[in-house]
Amino acid sequence: MSDLSASPCPEAATSQTQDKVIQLRVEVDTAVPLIAWLASQQQYPRVYWQGRDKKQEVAAVGCAKDFLFQDNIDDERLAEIYQSQKALSTDPSIRYYGGIAFDRSIESWPEFGRARFILPRIELRRSSELFSLMLNLNFADNDATTELQQATDALKQLMPPRPLVPPYKVGLMARHDKPAYPRWEELVRQVTDPEFNQTVPKVVLSRVSQLEVNEVMDPWMVLACWQGRNQNSFQFGFQFSPDRAFISCSPERLFQRQDRELHTEALAGTTVRGLNQDEDEMLANQLLDDSKNSHENQLVREHIVDVLGPLSEKVDADDTPKIFKLTHIQHLHRDIRAQLNPGVNDFQLLLALHPTPAVGGLPRQEAMHFIRGQEGYLRGWYAGACGYLNKYESEFSVAIRSALLEPGRINLYAGAGIVAGSDPRAEWQELENKLATIISILIDF
Ligand SMILES: C=C(O[C@H]1C=CC=C(C(=O)O)[C@@H]1O)C(=O)O
Ligand SMILES: [Mg+2]
């Protein structure tokens, strides 16, 4: 790492290229525990990302460029800004990390905004077994001397990784669910009412469970434990200031794009895991045969195929669902692949695909309208889309199984797809099942 701290000089940075945004890289010859490294840094923002296949892992600190859309956001403008930012560099390795809120037409959480993307100042990336340290320089907004001074300062502030304190349970003082059960029951009844359901066949209702705690939790320690107990998921976190962090251990891919090849999926329909292999198998078979759960998944598949059609040369989706297993629950899952039309960009994909009927509903606008008016709390980045983009590849996960950590409070989010045949009690229990992994980490019971 000392190589890099010594190297940023204006000549090295600007002479070889006309690019305004450039990245300097050095290989790191020892394995670094990335979450522990991130937890010991003192700079903000702090970002962590690990893909579901575990091939790519990133910890990033500081920022060389920050796009925050706090009050309002015009999707076309967002796409334009990204296109012009992309034009500032020819380096395929430069990535912007960030997320969009579930509902960009209403207010979102402070700091996170309706959308926020950053070009980190420093990234530590693992690609399979190889580690590298990247320094991003942005000469579009700063003169060379100022930019290099800021970059050098950021490098000097880097700290070595400290071992994370072993898991401990928090002292829980109170828990508040919003909506609480009586309201939940009312909402499920409204959505399953035949007249409503005829025009709006699916609404994904959700709940925030606010845990009042008397300790300061290190979000990165919580994420590291969560990661240890939920291997089959994306893991990511965004902390823009010391007081708030959004972390997620989500099984759901919104999309992965490599050049024009797109992978997405329909993940919806849920049951618990069995206590032994036979019971687990039986539950999986019941899930595959269950009409309510099949309908939940089928609606997602159909919608994704429909919206990808105009953007793609070819779309291909699994006809029958498979089982996708997590630690405490199992889902129905269908793979969907597409060959995109030339020129389709990531923001077009984000806007077309998000929110999928696995987190919003169908028809999208009517379901969103219902959620906005009735759910009774602000989803913010829960069920939003988080990930990274660059010229040739991008990946986004749907930010479910997520938590917002604030001083004295942990907000846990869970939702369930409500369709004809949904029972309020069973769907409430499904929310609980979806929180089982994180609750088992946080609380002694
Ligand atoms: C909305 C969530 O889950 C979605 C993803 C998989 C299964 C789901 C379900 O069976 O209801 C949901 O559509 C959540 O976990 O908050
Ligand atoms: Mg469900």
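The values are calculated or read from the model by the stated rules, or taken from the named source; none is laboratory data. Predicted, not measured: the structure shown is a model, and the values here were computed from it. Note: ideal-geometry Cβ built from the backbone for every residue, glycine included; neighbour counts use all protein chains shown. The area values use the complete protein model at the heavy-atom level, side chains included, leaving out ligands, DNA and RNA. Shrake-Rupley method; radii C 1.70, N 1.55, O 1.52, S 1.80 Å.
Data for the structure
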quantity: Distance from segment 347-367 to segment 56-72 (C-alpha centre basis), Å; calculated: 24
quantity: Distance cut-off 34 Å, percentage of C-alpha pairs in the chain lying past it; calculated: 32
quantity: Highest-first arrangement of 145-154, 331-340, 206-215, 113-122, where packing means the average Cβ count within 10 Å; calculated: 113-122, 331-340, 206-215, 145-154
quantity: Contour excess over end-to-end distance, with Cα ends at Arg409 and Gln339 and 0.36 nm allotted per residue; calculated: 20.8 nm
quantity: Angstrom value of the Kirkwood radius, inverse mean 1/r, which spans all Cα pairs in segment 323-399; calculated: 14.8
quantity: J(HN,Hα) series, segment 235-247, from Karplus relation 6.51 cos²θ - 1.76 cosθ + 1.60, nearest Hz, glycine and proline x; calculated: 10, 8, x, 10, 10, 8, 8, x, 7, 9, 9, 10, 10
quantity: Rough spin-label spacing in nm, given labels placed 7 Å along Cα→Cβ, for Thr199 and Leu275; calculated: 4.8
quantity: Relative counts (whole %) of C-alpha pair distances in segment 279-321, using bins that are 10 Å wide; calculated: 25, 41, 23, 11, 0
quantity: The chain - mean residue ellipticity at 222 nm from DSSP helices (-39,500 (n - 2.57) per run, n ≥ 4, rounded to 500); calculated: -9500 deg cm²/dmol
quantity: Contour excess over end-to-end distance, with Cα ends at Ser132 and Gln56 and 0.36 nm allotted per residue; calculated: 26.2 nm
quantity: Cβ-Cβ FRET estimate between Met282 and Ala420, R0 fixed at 30 Å, reported to 0.05; calculated: 0.75
quantity: 0 to 90° range, to nearest 10: angle between helix 75-86 axis and the chain longest Cα axis; calculated: 30
quantity: Under the Karplus curve 6.51 cos²θ - 1.76 cosθ + 1.60, θ = phi - 60°, whole-Hz ³J(HN,Hα) for segment 189-206, x wherever Gly or Pro sits; calculated: 5, 4, 6, 8, 4, x, 5, 5, 5, 5, 9, 10, x, 8, 10, 8, 8, 9
quantity: Sulfur and carbon atoms: percent of accessible area, the chain [1.4 Å]; calculated: 50
quantity: Simple spin-label estimate for Ile106 and Ser40 in nanometres, 7 Å along Cα-Cβ; calculated: 4.3
quantity: Relative contact order for segment 185-344, counting Cα pairs under 8 Å that sit 6 or more residues apart, in percent; calculated: 21
quantity: Shape parameters for segment 2-156, alpha-carbon atoms, Rg then Dmax in Å; calculated: 16.1, 46
quantity: Zero-based 5 Å bins, Cα pair distances in segment 36-82, whole percents; calculated: 5, 15, 18, 15, 18, 18, 9, 2
quantity: Additional length obtainable on full extension of the chain from Gln190 to Met159, 0.36 nm per residue less Cα span; calculated: 5.8 nm
quantity: Set of lysines with alpha-carbon distance to Lys86 below 17 Å, sequence-local pairs under 8 removed; calculated: Lys20, Lys65, Lys391
quantity: Amide hydrogen neighbours beyond the local backbone of Gln330, cut-off 5 Å, H modeled; calculated: Thr271, Val272, Arg273
quantity: Nearby lysines by direct alpha-carbon distance to Lys322 (threshold 16 angstrom, same-chain neighbours under 8 apart not counted); calculated: Lys292
quantity: Heavy-atom surface of the chain, accessible at 1.4 Å and reported per residue (Å²); calculated: 41
quantity: Ellipsoid semi-axes in whole angstrom, largest first, where each is sqrt(5λ) of the Cα gyration tensor of segment 110-149; calculated: 23, 20, 7
quantity: Cβ-placed point charges (K, R +1; D, E -1), dipole of the chain about Cα centre in debye, nearest 20; calculated: 520
quantity: Kirkwood Rh, Cα atoms: Rg over Rh of segment 360-445; calculated: 1.02
quantity: For segment 93-168 and segment 213-278, distance of Cα centres in Å; calculated: 19
quantity: Whole-Hz couplings from phi, Karplus 6.51/-1.76/1.60, listed for segment 87-101; x for Gly and Pro; calculated: 5, 7, 8, 9, 7, x, 8, 6, 10, 10, 10, x, x, 10, 5
quantity: Partner lysines for Lys54 [C-alpha distance under 18 Å; skip if fewer than 8 residues away on the same chain]; calculated: Lys325
quantity: Zone residues, segment 212-237, relative to Met173, backbone N less than 18 Å from point 7 Å out along Cα-to-Cβ; calculated: 212-218
quantity: Degrees separating the helix 291-308 axis from the principal Cα axis of the chain, which is the longest one; calculated: 40
quantity: Packing-based ranking, highest mean first, of 172-178, 34-40, 52-58 given that Cβ atoms within 10 Å are counted; calculated: 34-40, 52-58, 172-178
quantity: Zero-based 10 Å bins, Cα pair distances in segment 195-283, whole percents; calculated: 11, 26, 34, 24, 6
